[in-house]
Amino acid sequence: PEIIEQTNAAITKVIEEYRGRKGELLDQFARVYALRFTMEELQAIVTFYESPTGQKLAQANSEINTDLQRVMQVFSNNLKREFFAKVRAELKAQNIEI
């Protein structure tokens, strides 16, 4: 029990330290965007995300990304099967059986 309390206290302390570093991460994000967009473009992006459509996109992004990953996985799996079937057919046309 004693070590559990000490461990929980240590974890809480370290988590608080990391929470204080959130600004560092946001600064790095800002640099990434600043390299690719002008201030005018960034303002247009902000304006979009403040709009109802932008807010809807922001709220749906996580689910959309999950759905897109599933679509990509299915597509990739189908493409692999199709690719190897075509390679086998090409080899078979050359009288090579695998």
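Hey, which lysines would be in cross-link range of LYS13, C-alpha to C-alpha under 28 Å, not counting anything within fewer than 8 residues on its own chain?
LYS22
Using Cα-only point scatterers and the Debye equation, what is log10 of I(q)/I(0) for region 55-98 at each q in 0.20, 0.27 Å⁻¹, rounded to two decimals?
Debye output, listed in q order: -0.68, -0.85.
Under the Karplus relation 6.51 cos²θ - 1.76 cosθ + 1.60, θ = phi - 60°, what is the ordered set of whole-Hz ³J(HN,Hα) values for region 21-26, x standing for Gly and Pro?
9, 4, x, 4, 5, 4
Kindly put LEU68, LEU42 in sequence by how many other C-beta atoms sit within 10 Å of each C-beta, fewest to most.
LEU68, LEU42
Please identify, among GLU50, GLU82, GLU41, the residue showing maximal mean-square fluctuation in a Gaussian network model of the chain using a 10 angstrom Cα cutoff.
Checking each option, the largest mean-square fluctuation is seen for GLU82.
Give me the lysines in straight-line cross-link reach of LYS92: C-alpha distance below 25 Å, same-chain residues under 8 apart excluded.
By straight Cα distance, LYS92 reaches LYS80.
Once both axes come from the Cα atoms, what is the angle between helix 52-93 and the longest principal axis of the chain, in degrees from 0 to 90, rounded to 10?
30
Place a +1 charge on the Cβ of each Lys and Arg in the chain and a -1 charge on the Cβ of each Asp and Glu, then give the dipole magnitude about the Cα centre in debye, rounded to the nearest 20.
Working: 13 positive and 14 negative charges, 112 e Å.
With Lys and Arg at +1 and Asp and Glu at -1, about 540 debye.
Helix 2-19: angle to the longest alpha-carbon principal axis of the chain, degrees 0 to 90, nearest 10?
The answer is roughly 80 degrees.
Set Lys and Arg Cβ to +1 and Asp and Glu Cβ to -1, take the dipole of the chain about its Cα centre, and tell me which of ALA85, ILE11, VAL74 lies farthest positive.
Toward the positive end, the furthest listed residue is ALA85.
Could you tell me the extents of the chain's C-alpha atoms along the three principal axes, largest first, rounded to whole Å?
70, 54, 27
The numbers here are math on the coordinates, done by the rules we state, and not lab data. The model shown is predicted, which means the values in this text are computed figures rather than measured ones. Heads up, the Cβs are rebuilt from the backbone with ideal geometry, glycines too, and the neighbour counts pull from every protein chain shown.
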